[in-house]
Amino acid sequence: MGTSDRVRVGLAGLGRFGKLHAAVLGELANVELVAVCDPQATEVAAMLGRHEQARGFASFETMLDEADLDAVFIVSPEPLHTDQVLAALARGIPTFVEKPLAMTAVDGERVAAAAVEAGVPLQVGFVLRFDTQHALLKSQIARGELGQIVSLRAKRNASKAWFPDYGDRAHSVYETSIHDIDLLLWYAGSPVMRVQAVERHLSGLRYPDGCWALVEFASGAVGILETSWLVPDGAPANVITPTWRGTIDAEIEVVGVAGTGRIRLLDAPLSLWSAGFTAAPETGLWPEVGGSIGGALREEDAHFIDRVRRGAPESIASVADAAMGLRIAEAIVQSAASGTAVEIDPQA
Ligand SMILES: NC(=O)c1ccc[n+]([C@@H]2O[C@H](COP(=O)([O-])OP(=O)(O)OC[C@H]3O[C@@H](n4cnc5c(N)ncnc54)[C@H](O)[C@@H]3O)[C@@H](O)[C@H]2O)c1
């Protein structure tokens with residue numbers, strides 16, 4: 001980083017979400033997107049057209065070795081995260097990785113331990129922790145406004161049209177519910193002891209179209225998680241980026257002895273109607289206005305860059321919770337496959 005505050009960043013994975021991170025990184029003060037990487041040469045060429053100062057790479061390791069990076073963003077497909085994070089940490093490079101941190105609990109623990117050993121910031125892309133509404137609910141809970149937490153109910157159903165892209169790539173618990181598992185850990189402030197889940201296969205793809213789970217926290221709180229890829233194409237679109245359109249029908253409700261908090265993603269006050277298209281754009285997560293991406297995604301990336309500048313180990317998005325979340329995700333998948341409850345030993 002030298003004497004200036006300038007942070008040289010590399011970005012791996014230039015798909016739907018990598019393009020959003022690139023747009024944010026291109027606008028953050030004193031951040032220079034110096035390298036981008038994707039095995040698809042067309043994606044690299046398109047990105048270099050927008051970020052002329054950057055170098056393009058097909059190989060992640062080559063980018064790490066040749067681009068003199070202060071930080072790297074990993075926005076590649078889920079099964080690649082563990083190896084890519086370990087490769088970056090082994091070189092002492094502060095690392096942001098999109099969710100999930102890994103695809104197994106063991107790999108999650110390995111990566112979390114590697115970050116501690118490397119002594120550089122690691123952050124997992126739990127963007128909802130940076131969303132104003134979700135953060136406000138957290139501060140109400142932390143102030144005791146809801147009293148002792150009794151139940152937490154979360155739903156994250158996504159467009160059926162997206163399922164072919166994900167149905168052979170990652171179980172929905174790792175893809176969508178992982179956000180809610182992280183929120184439940186954040187809000188409940190307690191480890192999970194027991195999980196019972198069911199899933200349903202309707203489309204014939206490798207992973208189920210939907211999965212439902214009951215999770216019991218050590219505190220006594222009860223969590224209910226629902227996720228499916230069954231939102232019909234006619235639903236109002238709330239994701240309307242230039243490269244990505246569809247619906248995330250998500251809700252979370254936290255009930256305590258003294259109060260209730262609830263967030264509904266589809267309750268946005270803005271509606272856009274045109275012939276054949278109805279949208280209710282979500283404006284908190286990654287709104288695009290005049291070519292700039294704002295909202296929680298920008299806050300999340302800025303938080304990570306700030307940690308890189310300060311070498312700060314602590315983060316709003318806890319790596320320990322991300323690793324614990326993977327243990328819960330794994331238990332949900334095991335329970336759905338076996339039809340029996342799965343116990344989790346938080347000390348193990
Ligand atoms: N936080 C959120 O709300 C959110 C939302 C969407 C996606 N995501 C996450 O972002 C990540 C990417 O998802 P996406 O929807 O952009 O996927 P995508 O399929 O649109 O893009 C993935 C890109 O990675 C590239 N890639 C493949 N192998 C690579 C490698 N070895 N090195 C570098 N790049 C490689 C692919 O060619 C592709 O361009 C996933 O982890 C996903 O879960 C997070």
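The values are calculated or read from the model by the stated rules, or taken from the named source; none is laboratory data. No experiment lies behind these values; they were computed from the predicted model shown. Neighbour counts run over all protein chains shown; Cβ positions are idealised from the backbone, glycine included. The protein model used for the area step is the full one, side chains on, heavy atoms only, and it has no ligands, DNA or RNA in it. Shrake-Rupley method; radii C 1.70, N 1.55, O 1.52, S 1.80 Å.
Can we say residue 27 is within 24 Å of the chain's Cα centre (by Cα) and outside any loop (DSSP other than H, G, I, E, B)? Against the criterion (within 24 Å of the chain's Cα centre (by Cα) and outside any loop (DSSP other than H, G, I, E, B)), residue 27 does not qualify. Scanning segment 55-106 for residues that are charged (D, E, K, R), away from the ligand (no atom under 11 Å from the Cβ) and in a loop (DSSP other than H, G, I, E, B) turns up 68, 70, 91. Looking for something in a strand (DSSP E or B) and either without any contact (Cβ under 8 Å) to a residue 60 or more places away in the chain or within 14 Å of the ligand (Cβ to nearest atom) (or both) - is there at least one such residue anywhere in segment 117-125? Within segment 117-125, one or more residues are in a strand (DSSP E or B) and either without any contact (Cβ under 8 Å) to a residue 60 or more places away in the chain or within 14 Å of the ligand (Cβ to nearest atom) (or both). Evaluate the following for residue 76: is it open to solvent by 10 Å² or more (accessible area, probe 1.4 Å), under 22 Å from the mean Cα position of the chain (by Cα) and closer than 30 Å to residue 259 by Cβ? No, not satisfied.
Kindly establish whether residue 147 is in contact with a strand residue (DSSP E or B) (Cβ under 6 Å, 6 or more places away or on another chain) and more than 29 Å from residue 203 (Cβ to Cβ). Yes.
Condition test on residue 152, is it under 22 Å from residue 75 (Cα atoms) and either crowded, with 17+ Cβ neighbours inside 10 Å or at pLDDT below 95 (or both)? Criteria not met by residue 152.
Determine whether residue 192 is closer than 15 Å to residue 329 by Cβ and either buried (at least 20 other Cβ atoms within 10 Å of the Cβ) or away from the ligand (no atom under 15 Å from the Cβ) (or both). Yes; evaluated as a whole, the condition is true for this residue.
Is one or more of the residues making up segment 264-278 on the phi < 0 side of the Ramachandran plot, within 14 Å of the ligand (Cβ to nearest atom) and open to solvent by 10 Å² or more (accessible area, probe 1.4 Å)? Yes - at least one qualifying residue is present in segment 264-278. On the stretch given as segment 23-40, residues that are open to solvent by less than 10 Å² (accessible area, probe 1.4 Å) and within 11 Å of the ligand (Cβ to nearest atom) total 2.
For segment 321-343, state whether one or more residues are open to solvent by 70 Å² or more (accessible area, probe 1.4 Å) and modelled with pLDDT under 95. No, segment 321-343 contains no residue that is open to solvent by 70 Å² or more (accessible area, probe 1.4 Å) and modelled with pLDDT under 95. When 107, 168 are checked against the criterion of being at pLDDT below 95 and open to solvent by 10 Å² or more (accessible area, probe 1.4 Å), 168 stands alone in meeting it.
Annotation: of all residues in segment 1-16 being modelled with pLDDT of 95 or more and outside any loop (DSSP other than H, G, I, E, B), the one that is nearest to the ligand (Cβ to nearest atom) is 12.
Here residue 204 fulfils each of the conditions (1) part of a loop (DSSP other than H, G, I, E, B); (2) in contact (Cβ under 8 Å) with a residue 24 or more places away in the chain; (3) open to solvent by 60 Å² or more (accessible area, probe 1.4 Å); (4) not aromatic (Phe, Trp, Tyr) apart from (2).
The set of residues from segment 157-182 being charged (D, E, K, R) and within 10 Å of the ligand (Cβ to nearest atom) comprises 165, 169, 175. Considering 146, 128, 136, the condition of being assigned to a helix (DSSP H, G or I), at pLDDT 95 or above and surrounded by fewer than 22 Cβ atoms within 10 Å (Cβ to Cβ) is satisfied by 136 alone. Taking every residue in segment 88-112 that is under 18 Å from residue 346 (Cα atoms) and pairing it with any residue that is away from the ligand (no atom under 14 Å from the Cβ), at least 6 positions away or on another chain, the pairs with Cβ-Cβ distances below 6 Å are 105/327; 105/330; 108/323; 109/323; 112/319; 112/323.
Scanning segment 210-234 for residues that are of a type in the set (Gly, Ala, Ser) and either free of Cβ contacts under 8 Å to residues at least 40 places away in the same chain or surrounded by fewer than 18 Cβ atoms within 10 Å (Cβ to Cβ) (or both) gives 210, 218, 219, 220, 234.
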